[in-house]
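Below is one structure, written out as structure tokens; comments come after it.
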Amino acid sequence: MIPSHERKRTNYIGRKAELSLLSDILDNVRDGKGNLVLIAGEAGIGKTRLIEEMKHLDAFSTFNLLTGRCLYFKDTDIYLPFKEIFNQYKGIMKNIEVESPFFIRSENSREGSLIREEDFVPMSLIPAEVEYPEETREGMNVEGLMDFDKMSEFIFKLSDRGPLCLFIDDLHWADPPSIKLLQYLAQKITDHPILIVCTYRPEDLFWAEDTPHPLTDPLKRLSRDKLFIPMELKRLSREETDELISEILEVERIPRSFGRLIYKRTNGNPFFVEEVIYSLLERNIIDPSVPDWHKNIDPQTISLPTTLKDIILRRMHWLSSSSIAVLRLSSVSSGTLITFEIIKDALNLSDEEVLEALEELVRAKFLREIPDEESYDFENPVIQEVVYSELNHSRRRFLHNKMAHVLEERFSKNPSYWGSIGIHFYKGKEFEKALKYLIKASSHFSRVAPQKALDYLTMVLICMENLPQSDSIKEQNLEVLIETSNLCLKISEWDRALQFAEKALNLATVLRRNRVKMKAKVNIGEVLRCRGEYDKALGAYQDVFSNMQEEDPETFAQAYMGMGYIHWRRGEFPRALELFSRSLQYAKLQNNLSTIGALYLNIGNVFNHRGDLDKAIDYYRRGSKHLESHGNLLEACRGYSNMGGVYLQKGELDKAEEMLRTALNKSKEQGRSDPWWPQILMIKLHALRDEFREAERIFDMVNEELKGREDRMAQGTSLLYFGLSRMREGRREPDNRKKVISDNGCRFFACQ
Ligand SMILES: Nc1ncnc2c1ncn2[C@@H]1O[C@H](COP(=O)(O)OP(=O)(O)OP(=O)(O)O)[C@@H](O)[C@H]1O
Ligand SMILES: [Mg+2]
């Protein structure tokens, strides 16, 4: 059986502009205006592949191709690429009687291996009366023997038989005499139908200061004399990367989260993408034939294959020792933190040494300057990872520690650095300090970026495990467990929310902290409620009231709100309103704007489903305002989204769109790309405007995001609105009928 991860040639993606430019160049060359094209791009960007694709262009059909490669060896034969070109030619002469009449096999192709297209040289290339240059017959092994004039005449003769393309791959490894010959030919071919196309990696042209790369100077000269057409291949875009991944995995479309993960890792370098995906397949980390295959992939498991590591480590060979020190320090850091000052503080280097090292690293394309920020980042995240992976554990710990202290010294008062400082202490294994900064960072981000806050707290819990279990640590642990569970609830990670709430419940029981115990109970109730297990949830909330000796406004407000929600869902509107207003009393006792805001939204929901739309809008608006002023922007988006929903019911589509867009934009500002409800309502908006394709596009996207989630309400409603779109498209029902169906959608689900 063929293993599923056997590598195959994928379809070609993007590069339309490059192919079209090549096509124009080919047309010109065919008309006798020879040219040299130099294709530059980092390792794996697709230089060689571009030329393979060029061969399929119509404009190339009359061209004959001879290929020469350069190899990475110190003492490679001189003129190796040109020798290959001539050997192909000689091969033609030898095998002429035995091979096919149209194509014959060149010496290049391996015995017994599959005959590949590139191993053939067209018959038409065999000139009737071409003379070999002397050197070719002799084997061209000795430097200085090459007569450049004879060589060019030889090539011109070949081109008499039809337009000729000489392709020299990996010019950065070419021997200096070959580069000279190339320079010479570039001047000579301009009035012959000859195209010379070469590829090279600019980052490999970087050698130590005192030994410049042999290609550097010739490139400058050729450029000054305008003797070549430069082409630079850039990385694939996010969309193109997705396309490449689906090509490799042979699936029609890849989940957005997976695409995001891979793009983040590879920055759109096609070779990196291939390597990473195949390595995931080979290690059975993904299997696209299984449903939900892309869920729960630990980004840590996306390790880099050795081929990639080799390419990058080889380039480090030329760096000075201070550059290597700077590079290593940078590898423990991230973008905004790699600055001259920080490096200088952290390493024992003079100003001049740091500046030189940074310049060298930029020249060698390890780092790039971030414009306007006076800071640096890695050219590609892969480079950072390789450098980091090469550090041994003690050095890693040492560097993180250094970084932590430098940042603490400079930025301990700046909240946006707390997270980084905490993480560096954490990785430097100074747990007490790590704890302090991570907790500060987490509470700073909990409203606006709960996922980030949660990540910090997860680290805090590990720090705590590593510290002596004093009473105060245990107390702190309890608080952190509750807060972690709160954050999980905020981002709908219900399993984890439950897990942390149960841990908190146990610890609170041991420590006899009744209040915290009840908070944990409320959270358990929240999870049950969100999962639609209403009876169990009501039981958990009831427990709170019967076990609480004194009133705790915050916990009571939460519990009443949860209960009110369940009654609303069950269509018991008066009871729901009663519970919400009780909750409101407790929330107001503490002037807890966040809870008050959330309650207004809930009350808005009741009016909405009672059909009292103006009142609903009023409550939604008040709720959003409260939430916004409390900084709880994600919840506020919910208010805008709900308002959008009501305007849809009222048939005020433009107003609805305005609200939904506000909700979407505001959640994007908060770094959330997946706000479902405004998206789901957008399906309805487009359906009502008869924009069916757009409705379908959004439905597909939402559907993808919701897969594997437990949110049946969201799944059901998006299906309903998509159904509405289909129905309008297909049967063109009278308007009033459509409205009835869509308006009933929500109520239908509310009663389920
Ligand atoms: N546009 C593309 N669409 C699909 N696959 C691509 C594309 N570009 C490159 N690839 C694939 O990515 C891999 C790397 O491409 P290629 O070998 O051409 O890179 P390169 O720039 O020549 O690298 P090197 O500098 O190491 O020679 C190959 O498997 C190639 O088929
Ligand atoms: Mg290549």
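Computed values, structure above
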read-out: Helices (runs of 4 or more DSSP H) completely within the stretch 536-622 that count 1 or more residues being in contact with a Cys (Cβ under 6 Å, 6 or more places away or on another chain); value: none
read-out: Count of the stretch 274-306 residues which are part of a helix (DSSP H, G or I) and touching a Gly at 6+ places or on another chain (Cβ under 9 Å); value: 2
read-out: Scan of the stretch 362-414 for residues that are surrounded by 16 or more Cβ atoms within 10 Å (Cβ to Cβ), of a type in the set (D, E, K, R) and part of a helix (DSSP H, G or I), ordered by number; value: Glu385, Arg396, Arg397, Lys402, Glu408
read-out: Answer from Ile311, Ile248 - the residue that is open to solvent by less than 60 Å² (accessible area, probe 1.4 Å), within 16 Å of ligand 1 (Cβ to nearest atom) and out of contact with any helix residue (DSSP H, G or I) (no Cβ under 8 Å at 6 or more places or on another chain); value: Ile311
read-out: Top-ranked residue in the stretch 162-174 [being within 20 Å of Lys150 (Cα to Cα) and open to solvent by 10 Å² or more (accessible area, probe 1.4 Å); ranked as farthest from ligand 1 (Cβ to nearest atom)]; value: Gly162
read-out: Selected residue [of a type in the set (A, V, I, L, M) and within 24 Å of Asp711 (Cβ to Cβ)] from Val544, Val527, Val516; value: Val527
read-out: Output for the stretch 262-308, where each listed residue is crowded, with 20+ Cβ neighbours inside 10 Å, within 16 Å of ligand 1 (Cβ to nearest atom) and among the β-branched types (Val, Ile, Thr); value: Ile262, Thr266, Val273, Val276, Ile277
read-out: Hits in the stretch 235-262 (condition: closer than 20 Å to Ala43 by Cβ and not acidic (Asp, Glu)); value: Arg235, Leu236, Ser237, Thr241, Leu244, Ile245, Ile248, Ile262
read-out: Filter pass, Leu80 being within 16 Å of ligand 2 (Cβ to nearest atom) and either open to solvent by less than 10 Å² (accessible area, probe 1.4 Å) or at pLDDT below 85 (or both); value: yes
read-out: Filtered residue count, the stretch 415-440, keeping only those that are open to solvent by less than 30 Å² (accessible area, probe 1.4 Å) and without any contact (Cβ under 8 Å) to a residue 60 or more places away in the chain; value: 9
read-out: Odd one out for Thr199 among (1) among the hydroxyl-bearing types (Ser, Thr, Tyr); (2) away from ligand 2 (no atom under 16 Å from the Cβ); (3) not in a helix (DSSP H, G or I); value: (2)
read-out: Residue check, Leu195 closer than 24 Å to Asn28 by Cβ, within 16 Å of ligand 1 (Cβ to nearest atom), buried (at least 22 other Cβ atoms within 10 Å of the Cβ) and assigned by TED's automatic domain parsing to the domain that holds Val29; value: no
read-out: Filtered residue count, the stretch 16-64, keeping only those that are within 16 Å of ligand 2 (Cβ to nearest atom) and open to solvent by 30 Å² or more (accessible area, probe 1.4 Å); value: 7
read-out: Helices (runs of 4 or more DSSP H) wholly inside the stretch 688-752 that include at least 3 residues being modelled with pLDDT of 80 or more; value: 692-706, 712-731
read-out: Qualifying residue in the stretch 516-531 (condition: open to solvent by 20 Å² or more (accessible area, probe 1.4 Å) and without any contact (Cβ under 8 Å) to a residue 24 or more places away in the chain); value: yes
read-out: Residues that are over 23 Å from Ser443 (Cα atoms), touching a residue at least 40 places away in the same chain (Cβ under 8 Å) and basic (Lys, Arg), drawn from the stretch 375-414; value: Arg395, Arg396, Lys402
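Yes/no per residue for (1) closer than 19 Å to Asn605 by Cβ; (2) in contact (Cβ under 8 Å) with a residue 12 or more places away in the chain:
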position	(1), (2)
Pro678	yes, yes
Met682	no, yes
Leu685	no, yes
Arg693	no, no
Glu705	no, yes
Arg712	yes, yes
Leu724	no, yes
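The values are calculated or read from the model by the stated rules, or taken from the named source; none is laboratory data. All values derive from a computational prediction rather than experimental measurement. Neighbour counts are summed over all protein chains in view; Cβ atoms, including those assigned to glycine, are modelled from backbone coordinates with ideal geometry. Note: areas computed on protein heavy atoms with side chains; ligands, DNA, RNA excluded. Shrake-Rupley method; radii C 1.70, N 1.55, O 1.52, S 1.80 Å.
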